[in-house]
Amino acid sequence: MKPTFLLVPYFVLIILCMGCGDGEDENPNTASFTCKIDGRDFVSNQVESMLMGNQDGRRLDITAVAPSGETINLLISDNEAIDGVFFELGRKIYLDPFQNTALDVVGLGTIFLSETSVAITIGNGKEVGYIMVENFDASRKTVGGSFEFLASNIQTGDSYQITEGKFVNLPFTEVQTND
């Protein structure tokens, strides 16, 4: 009976540790914007999102800034509402507009590495990249999704591969336009 009694504290410790997380905030309402630039983590400390437009078209503009000053800008323009909804959830919006099923949908990814160094998405084909809106909550005014793209600096010829891009619960400001 004594050996079994000694095992009880170990089982209690194991059960307690199974409920422990890794210490990260797992609040589903937390906003975040992350990706990798050539395998290096990009985690923003400042994000601004704006939804502009009217019933004829919408444009979603997301700008994320890292503590280093590096900035990533994502832009989606959708002039084709499907059943009154723009940015069809789960549809990849390719950054080469000729790859989209609807030519009224355009996406653009830009990286500002410094004040004088800018890389943009250029090229042909689906391999250039995409942006996908996966969550859009008009009442809470939040948006979430994923992205990956290849950006090139036109002046230097350097390329930057953006992978594992994710934006979660980003609050956006809505601006109605008249045009």
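Where a number appears in this text, it was derived from the coordinates with a stated rule and is not lab data. In this text, all values refer to a predicted model and were calculated from it rather than measured experimentally. For neighbour counting, all protein chains shown are included, and Cβ atoms are generated from backbone atoms with ideal geometry for every residue, glycine included.
Quick look at the numbers
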quantity: Positive minus negative residues near Thr173 (Lys, Arg vs Asp, Glu; Cβ under 9 Å); calculated: -1
quantity: Length added when fully stretched, Ser68-Thr156, from 0.36 nm per residue minus Cα-Cα; calculated: 29.6 nm
quantity: Sites Asn135 and Glu48, calculated FRET efficiency, Cβ-Cβ separation with R0 25 Å, nearest 0.05; calculated: 0.85
quantity: Under-5 Å amide H pairs with Arg91, H placed in peptide plane, nonlocal only; calculated: Val133
